[in-house]
Structure formats: C-alpha cells, structure tokens
Amino acid sequence: MATAPEPDYWVDPADADRKGFWIFGHLLLITIAGMLIAFLVWADNAVLDIVTRGQGKVIPSSTVQMIQNLEGGIMADVLVHEGDLVEKDQVLLRIDNTTAQSNYDDLHSRYLSGLAVITRLIAEIAGISADDIVFPEELMRDAPELADDERKNAHIRHDQLKAQVDVLHDQATQKEQEVEQLTSGAVRLSTGTLYGIIKRLLADGLIREAALAPNADERRRSYELTAFGRDVARAEAARLEHTLAIARRKALFKHVTR
C-alpha cells in the first residue's frame, strides 16, 4: 500500500523577507493615501480661527510703470479684474476725458487764432495784399472762419494805414510850404531833403532825439541840439554876422533894417 508523501514544511527565508516587505509597502501606501484624503476633507470643511496678514511687494522684471492721470479725473471704466493676466500694451482702464477734451479744445482754438494773426502780420510786413494772404492748411481745415476774420482785419488795417500816410503826407506838405514862406522861397524842403538833413545831423552829433512829453503821440519824433551842436550853431551865427558886417561896410546893402 502506497503511503502519501509527507508535506514540506521548509520555508525559504528570502521568500519570507520579500513577502514581509510587500505587506509593509502596501500598508504604507494605504496609510499615506488615507492621510491625504483626510487632509483634503479637513481643508475643504475646516474654518481657520486665526488669520495672519502681511505686506508684500511685487517686483517686476522691467521698469515699474505708474498708472495715473497727470491732471486727475473720473474713472470711466475698468477693463481688468483682480487676478487677471495682462499683456503688453493692453488697455487696463479708461478715464473720463470730458475736462481734458474741453481744455484741449480751448487751447487748440487759441493756437489757431494766434496762427491766423501771425500769418496776417507777416503778410502785412511783406507788403502782401489782404486778398493774396495764404493761410496755413491746418487753419483752413479746422477754423476757416478765423482766416476770413483776419483777411477782413487786413483790409481794415490797410485802409487805416493808408489814411495815416495821407495825413502825414499832408502835414509834410504843409511844413514844406511854411519853410518856403519863411525863407521867401530861398529854401524848399521835400520829404527826402528833411530826412536826409536829420540823418546827417544825427551822424555828426549835432542833434539828438529828445524825450517825448508824457501825453505826446508816440509816432512823433523830437530832436534837440547837443552841446557840440550849440557850439557849432554859435560859430555859424558869428560867421554869418561877420559876413553881414563886411557886406554892410562895402555898401552891398543900401537899406539895413533892424
């Protein structure tokens, strides 16, 4: 009769160690997973009793840009929210520019007005007639009415200057006639002669321009003799008197009236 083989109760120590490590690894993994799940459940439901706040400073990688309006104003719209990521050149907010636009329009109007006046004055100095004044394209585009007003002012100025020149011409003619009457026609002055004489006397230092009276017309010019001019006048008077005395002695004048 055959007998059953006896069971082998021998255990390899290496297999026992491997089995022990495998069980320990599974237990450790299950423990870590349980702790993680417990922490997540606690973080989701727990309420913090103590909150600590601190101040921090964000340091950008490039230059710090100050976002502000130099003139101040009312913020019209904010286009970003806290936590948004922004890109370069992205518009962050809009400021109500009603006041700034009003100031700009006022300054621009004053600039165009000044530009029109300067253009007219330059044309007057150059002797350009009012109808031939060429105003800048910017002025004709933005404020053509200012150009029309200055063209009218140029016509008025031309008429006023012409009237003043006519008055001065009449005054000069009257003075010439007075000189001619006082000298019995011996001396006849013209405008060019008078100005030439004054210029020569000024250059020789015989006369100088005198100060005007407080209420005098600024367009008038007054002249007075200098000290050197008075000496020359006395010498000339003495010379004429000596010449007259010689003429009398030689009986060149039959009748002498004193």
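Please go through the range 196-208 and give me each residue that is of a type in the set (D, E, K, R), within 44 Å of the chain's Cα centre (by Cα) and at pLDDT 85 or above, ordered by number.
Within the range 196-208, the subset of a type in the set (D, E, K, R) is 199-200, 204, 208.
In the following step, the residues that additionally are within 44 Å of the chain's Cα centre (by Cα) were identified as 199, 208.
Within the range 196-208, ARG208 is the sole residue that qualifies.
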Every pair of residues 6+ apart whose Cβ atoms lie under 6 Å, when the first sits in the range 149-161 and is on the phi < 0 side of the Ramachandran plot while the second is of a type in the set (D, E, K, R): GLU150/ARG120; ALA154/ARG120
Qualifying residue in the range 228-244 (condition: in a helix (DSSP H, G or I), surrounded by 11 or more Cβ atoms within 10 Å (Cβ to Cβ), hydroxyl-bearing (Ser, Thr, Tyr) and modelled with pLDDT under 85): no
Residue match in the range 44-53 (condition: part of a helix (DSSP H, G or I) and at pLDDT 70 or above): yes
Any hit, the range 125-138, residues being modelled with pLDDT of 90 or more, in contact with an Asp or Glu (Cβ under 8 Å, 6 or more places away or on another chain) and in a helix (DSSP H, G or I): no
Pairs where the first residue, in the range 87-104, is under 11 Å from MET75 (Cβ atoms) and among the β-branched types (Val, Ile, Thr) and the second is outside any helix (DSSP H, G or I) and open to solvent by 80 Å² or more (accessible area, probe 1.4 Å), C-beta under 8 Å, 6+ apart: ILE95/ILE74; ILE95/MET75
Which numbered condition SER102 fails, given (1) under 30 Å from ASP142 (Cα atoms); (2) at pLDDT below 70: (2)
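The values are calculated or read from the model by the stated rules, or taken from the named source; none is laboratory data. Since the model is a prediction, treat every value here as computed from it, not as a measurement. Please note: Cβ atoms are built from the backbone with ideal geometry, for glycine as well, and neighbour counts cover all protein chains shown. Each accessible area value is taken on the protein alone, full model and side chains, heavy atoms only, with ligands, DNA and RNA left out. Shrake-Rupley method; radii C 1.70, N 1.55, O 1.52, S 1.80 Å.
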